[in-house]
1. Work from the charge dipole of the protein assembly as shown (Cβ charges, +1 for Lys and Arg, -1 for Asp and Glu, about the Cα centre) and give the residue of C:192, B:183, C:268 farthest towards its positive end.
2. Magnitude of the Cβ-charge dipole of segment C:162-217, K/R +1 and D/E -1, about the Cα centre, nearest 20 debye?
3. What is the fewest-to-most order of B:37, B:177, C:254, B:134 by other Cβ atoms lying within 10 Å of their Cβ?
4. Any idea what the relative contact order of chain A is, in percent, if you count C-alpha pairs under 8 Å spaced at least 6 apart?
5. In debye, nearest 20: dipole of segment A:1-58 around its Cα centre with unit charges on the Cβ of K, R (+) and D, E (-)?
6. Per residue of B:132-141, how many C-beta atoms from partner chains lie within 10 Å of its own C-beta, taken as a mean?
7. May I ask you to list the trypsin sites (Lys or Arg not before Pro) in segment B:211-241 that are in a DSSP loop and have at most 11 other Cβ atoms within 10 Å of their Cβ?
8. Taking the Cα centroid of segment C:267-304 and of segment C:186-249, what is the distance between the two, rounded to the nearest whole Å?
Amino acid sequence: MKGNPIWEVFIRSKNGLEHRHVGSLHAEDAKMAMENARDVYTRRQEGVSIWVVESKHITASNPSESGEMFDPAKDKAYRHPTFYDLPDELEHI
Amino acid sequence: MENKNKSLIDYLLILGDNSLILGHRLSELCGHGPSLETDIALTNISLDLFGQVRSYFQYAAELTGGDSTEDTIAMKRMDREYRHTWLVEQPNKDFAYVIGRQFLFDAFHLPLLEQLVNSKDEMIAAVAAKSIKESRYHLRFSSSWMERLGDGTQESHQRMQSAINDLYPFTYEFFEETETEKLIFEAGIGADLKVIESTYRQTVKDVFAKANLEIPTAPARKTDGKKGIHSEQLGFILAELQFMQRAYPNMTW
Amino acid sequence: MKNIKDQEAAFQARIDAGEKIEPKDWMPEKYRKTHIRQISQHAHSEIVGMLPEGNWITRTPTLRRKVGLLAKVQDEAGHGLYLYSAAETLGISRDELFHQLHTGKAKYSSIFNYPTMTWADIGAIGWLVDGAAIINQVMLTRTSFGPYARAMVRICKEESFHQRQGYEIMLTLCQGTPEQKAMAQDALNRWWWPSLMMFGPRDEESPNTEQSVKWKIKRKTNDELRQQFIDITVPQAEVLGITIPDPDLKWNEERQHYDFGEINWDEFWQVVEGNGPCNKERLQARNDAWNNGAWVRNAARAHAEKRAEQKKVAEAI
């Protein structure tokens, strides 16, 4: 028998914060995944909101393409505030 | 005053013992469920129930006074002094039994708590207010599984129907009002079992329909759990539940 | 295409630099296989470990102990689940891993093949077995494989109450009646040596240690960890006022460590080979749970498929 699908679980620990990936579990459908996520991952008041998504629906970047994907951002220091030289005595900027 | 306390304590036992014995049955499953996820879920329910037991029994111990504690109430009564219904002591014959027993209890328990939140007794109202959320989730969980098993495969359908056929006749006992329940209801502390019964019937009807299950027509089993007359199961449950307190009396653990 | 030697060297350089390896990254086949084996053994240990303690849930002496133990054993199911999930990122299914466990192909920690006879055993397991496990697990929070390290972080966070619970049980027994204290001593007598065996064979008989250190599955050797455990635990036994069953145990001022007696390695290998007191019962219990649950899992599958089909039909209309 083939195993049941894997789901990824995302939890918002409190309002105002984003959902974060906390782990995975197995379930046959979304309803079951939601209930399992509640029972497995929120036993210690870890969350106020849950997202579940079947793992196969996630499209992931390929590590072998990390070079062209992420390295080009490395030398764009002008996107960061420290790139611009301003006098120290200047305030509120 | 003494009489009122006696009825109240008696009522707390009727409430608490259902949770105690069902929690015990569920706790037997920890480590033996059909999947890790269900194992964890059923243990959550068991823990919720034991939490309720502790609140009810701590209160009962306070009312009883003397050396009474939550543990002497849970573990040192004689078999005839336990006041739960027969349904909750039925064994974990298979997963369909576990789910069927849970669903039938939840369908009764939730409307019971919905009334007890308005109890004139502040302690009972407070416990009910906390428990009602737990119970709502239990009913959601057990209903989902009733549906899954009732609808799933031919085998699961047969097992679910057969579990229900065995268990359903025990549920009439919920609504047979004892003298204690009558007194406590009239005092504004307890619940109106007639109202609970109609909610219960509706829940059963709805969930059974979704789960392709037939409501058994077998007559009520003649049981008097709330009066302390139990099935042969209880002795075995108590042999484990009471073992330490009986074998090593009067010690601190 | 770089040759495999270069790839392996680059891979090792990443680990040496403290980088984590993630599931989709290139990895040597041996790294993958070793991790599947190690993580799944760890997961199996959590799941089998539920059994000896679960044995006492219905017999706890108080309600407070009941909820504590129930929550602890439940945590172990959760920890097994986290670890199976981590192993699954390496391309093996949980069902396959279960199959390896059920057929006796996979190993799990031998400690769980000993029986829990008395209530004090629950205290001793929490104190000693969880204590020994924590030493390993804290080390593993910094291991090189990301999903394993993350699972360990979560597990360590949750497990911090387990050892305290065990020690509190022991402490209560030791402060109780002479009968209770004797029960605690008896439990220590039976669990001490198997706990030391949890760290595995002596370094000279542990051929994989060097590779494991390179991949940060290990940061210390078996013998180093065992010594660390003994050094931590001896003073804890003194607080309890019970005696560790080792006549050779004594403080070595020069080494700044406790010296201890010879472990019965014959017993160790016997239990590993499946001839421990409860090996058969543990495997049987796991097989029963799995086999009895088959129709339940099938039903959930069938129901989900029917619902999906109905949804498709409804959307088509």
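The numbers here are math on the coordinates, done by the rules we state, and not lab data. Bear in mind that the values here come from a model prediction, so they are computed numbers and not experimental data. Because the Cβ atoms are built from the backbone with ideal geometry, glycine has one as well, and the counts that use them run over all protein chains shown.
1. Toward the positive end, the furthest listed residue is B:183.
2. Numbers: 6 positive and 7 negative charges, 39 e Å.
Charge dipole, segment C:162-217, about its Cα centre: 180 debye, nearest 20.
3. On the way: B:37 23, B:177 16, C:254 5, B:134 20.
So the ranking, lowest neighbour count to highest, is C:254, B:177, B:134, B:37.
4. Details: 98 pairs, mean separation 25.4, N = 93.
Worked out over chain A, it gives 27 percent.
5. On the way: 9 positive and 8 negative charges, 36 e Å.
Taking the Cα centre of segment A:1-58 as origin, the dipole is about 180 debye.
6. Working: counts 0, 0, 0, 0, 0, 3, 0, 0, 3, 3.
The shielding value for this peptide is 1.
7. Values: sites: B:221, B:222, B:226, B:227; in loops: B:221, B:222.
Those satisfying the criteria are B:222.
8. 28 Å
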